[in-house]
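Some notes on the structure that comes next.
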Amino acid sequence: MKHDIATLQAMLAASQRAVVFTGAGISTESGIPDFRSPTGMWAKVKPIMFQDYVASAAWRAEAWKRKFEHEHTMRAAQPNRGHRAVARLVREGKVAAVITQNIDGLHQASGVPDAKVIELHGNATYAHCLDCGERYEIDALRAAWERDGVVHDCLKCEGIIKTATISFGQAMPEAQMLRAQQETMAADLFIVLGSSLVVYPAASFPEVARRKGARLVIVNNEPTGLDDMADLVIHHGIGDVMGGAVGVN
Ligand code: NAD
Ligand code: ZN
């Protein structure tokens, strides 16, 4: 572990332009469960496909029930040592961008400027109409749900309202995908923190970085789909590894 941290420090020192790529694993130390760990959410429930959400009021009701039940965990969560270490690297100009699969907003909460966070799977802290894009706040939707037992359709166009996240089966956001690709191709060091790297196209970013000649670092408790390809793999908690490497508590 000590040796691995020293190697990571040397790789950071040698880098001119690093990119950090995060998954649900960076936020578990903040109390937000991930999906694929043995204790993750999918040990309990299966994800709802976008097509089912759109086609069925019953699936929408189930999705909102899960969202509102999970909401207090999300709201109570604070950035942890891993988030703080990443924020320091951004502040020091070492890391040019943080590409995240997370929808919890904790990178921004840790002080990474909005402009440097690329959210591939959207954001769960608000909702919008799938047809006209009108924004809806979660609290207002929750109040209606508690009163009427449903989340209503869009007041403007009667379209379906959904959290501003990307579900399975839903198209990836084009602008964010493009920016993420550009940052990935410009990086000389690509650091993956807490992603099982099994969901495409997200998992293709480390592959692209590697192909472009960047060094690849993976920090994850369990083996990932791309460990074989990495220059450095550390199977350990992100807070300890990144906090130790960057000198953040
Ligand atoms: P995942 O659940 O597939 O994988 C997370 C990985 O992180 C696991 O392999 C696990 O072993 C590892 N891990 C967990 N805690 C760790 C820690 N403290 N230190 C080191 N490793 C740790 O997550 P994913 O690959 O990001 O994909 C799941 C999808 O779920 C993403 O698309 C994301 O949008 C969504 N999601 C987001 C959140 C969030 O926003 N916090 C939470 C759950 C799921
Ligand atoms: Zn609408």
Query raised in the report: R0 = 25 Å: FRET efficiency of residue 91 with residue 69, Cβ-based, nearest 0.05?
Result: 0.10
Report task. Work out from phi, with θ = phi - 60° and the Karplus expression 6.51 cos²θ - 1.76 cosθ + 1.60, the ³J(HN,Hα) of each residue of region 80-88, listed in order in whole Hz, and give x for Gly and Pro. Result -> 10, 4, x, 4, 5, 5, 5, 4, 5
Query raised in the report: For region 115-124, what does the Karplus curve 6.51 cos²θ - 1.76 cosθ + 1.60, with θ = phi - 60°, yield as ³J(HN,Hα) per residue in whole Hz, taken in order and with x for Gly and Pro?
Result: 5, 9, 9, 10, 8, 6, 10, x, 8, 8
Query raised in the report: How much area per residue is accessible in region 111-249 when the probe is 1.4 Å and only protein heavy atoms are counted (Å²)?
Result: 48 Å²
Query raised in the report: Thinking of the chain as a set of Cα atoms, what percent of all their pairs are more than 27 Å apart?
Result: 36 percent
Report summary line: For residue 164, other-chain or 5+-apart residues with amide H closer than 5 Å (H placed, Pro excluded) are 123, 126, 127, 128
Report summary line: If R0 = 35 Å, then residue 143 and residue 249, at their Cβ-Cβ distance, give a FRET efficiency to the nearest 0.05 of 0.35
Query raised in the report: With all protein chains present, how much of the accessible area of the chain (probe radius 1.4 Å) comes from carbon and sulfur, to the nearest whole percent?
Result: 52 percent
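Dipole size in debye (nearest 20) for the chain around its Cα centre, Lys and Arg Cβ +1, Asp and Glu Cβ -1?
Dipole about the Cα centre, nearest 20: 440 debye.
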**Report entry** Ordering of 58-70, 143-155 by burial proxy (mean other Cβ atoms within 10 Å per residue, highest first)
**Finding:** 58-70, 143-155
Requested in this report: Could you go through region 188-193 in sequence order and give the Karplus-derived ³J(HN,Hα) for each residue, using 6.51 cos²θ - 1.76 cosθ + 1.60 with θ = phi - 60°, rounded to whole Hz, and x for Gly and Pro?
Outcome: 9, 9, 10, 10, 9, 10
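Within region 58-168, what percent of beta bridges assigned by DSSP are antiparallel, to the nearest 5?
Restricted to region 58-168, the bridges split so that about 70 percent are antiparallel.
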Query raised in the report: How high is the relative contact order of the chain, given as a whole-number percent (alpha carbon pairs under 8 Å, six or more residues apart)?
Result: 25 percent
Report summary line: From DSSP H assignment alone, runs of 4+ in the chain each adding -39500 (n - 2.57), the sum over residues rounded to the nearest 500 puts [θ] at 222 nm at -11500 deg cm²/dmol
Report summary line: Residues meeting the amide H criterion for residue 118 (H placed from the backbone, H to H distance under 5 Å, 5 or more places apart or on another chain) are 98, 99, 100
Report summary line: Measuring from the longest principal axis of the C-alpha atoms of the chain, the long axis of helix 2-14 (C-alpha) lies at a number of degrees, nearest 10, equal to 90 degrees
Report task. Cross-chain or 8 or more residues apart, Cα under 29 Å: how many lysine pairs in the chain fit that? Count them up, please. Result -> 17
Query raised in the report: Dipole of region 80-196 (Lys/Arg Cβ +1, Asp/Glu Cβ -1, origin at the Cα centre): which of 193, 102, 117 lies farthest to the positive side?
Result: 193
**Report entry** Considering only region 105-249, percent of DSSP beta bridges that pair antiparallel, nearest 5
**Finding:** 45 percent
Query raised in the report: So in the chain, what percent of DSSP beta bridges are antiparallel if you round to the nearest 5?
Result: 25 percent
Report task. Report, by chain and number, residues whose modeled amide H sits under 5 Å from the one on residue 233, excluding near sequence neighbours (fewer than 5 apart, same chain). Result -> 218
Query raised in the report: Counting Lys and Arg as +1 and Asp and Glu as -1, each charge on the Cβ, what is the dipole of region 135-249 about the Cα centre in debye, to the nearest 20?
Result: 280 debye
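The values are calculated or read from the model by the stated rules, or taken from the named source; none is laboratory data. Please read these numbers as outputs of a predicted model, since none were measured by experiment. Quick reminder, even Gly has a Cβ in these numbers, built from the backbone with ideal geometry, and neighbours come from all protein chains shown. Surface accessibility is based on the protein's heavy atoms, side chains included, excluding ligands, DNA and RNA. Shrake-Rupley method; radii C 1.70, N 1.55, O 1.52, S 1.80 Å.
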